Amino acid sequence: MKSHIREKIRELEEKIFKGYSFWIFKGYVAVNKRGVEKIIDDIYASLPTDIVEARNYLKKHGIEQKNSGKQSKIYEILNDLEFLLNKSEVFSYSIVEKEKFNQINTELKNSIPDEISQAEKFDK
């Protein structure tokens, strides 16, 4: 079972780390705000479907499901990322501190709902 959320998080990483680095502002990058917002919207849209597919996969294979309630946590983290983008907007770009994004990205990966992680693990 392949979830869309991990794919979207990888796209998010690429979009941020391929942003324009500033020689004067070390540790910051300018990213296309609209592109990052599109990926965030895709995560919002695909997460419920990913969870349903993971639950169905686990049920079909007779695997006991773990549910930690991380779904609401991932929404909070995405909200934090949107706030980070909005507070530093210059034209259609946002100036993002790489370290802050790394922190949010790690939190995103750690907040992927257990059903998805569990289904991916058993699908290998």
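The values are calculated or read from the model by the stated rules, or taken from the named source; none is laboratory data. As the structure is a prediction and not an experimental result, all values here were calculated from the model. Don't worry about glycine lacking a Cβ; one is built from the backbone with ideal geometry, like all the others, and counts go over all protein chains shown.
Overview of results
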| item | result |
| --- | --- |
| Residue that is nearest to the chain's Cα centre (by Cα), among those in the range 7-26 that are modelled with pLDDT of 90 or more and hydrophobic (A, V, I, L, M, F, W, C) | ILE9 |
| ASN79 surrounded by fewer than 16 Cβ atoms within 10 Å (Cβ to Cβ) and in contact with an Asp or Glu (Cβ under 8 Å, 6 or more places away or on another chain) | no |
| Hits in the range 27-63 - residues which are more than 19 Å from the chain's Cα centre (by Cα), loosely packed, with under 14 Cβ neighbours inside 10 Å and at pLDDT 90 or above | ASN56, LYS59, LYS60, HIS61, GLY62 |
| Failed criterion for LYS26 (all others in (1) farther than 23 Å from LYS2 by Cα; (2) part of a helix (DSSP H, G or I) hold) | (2) |
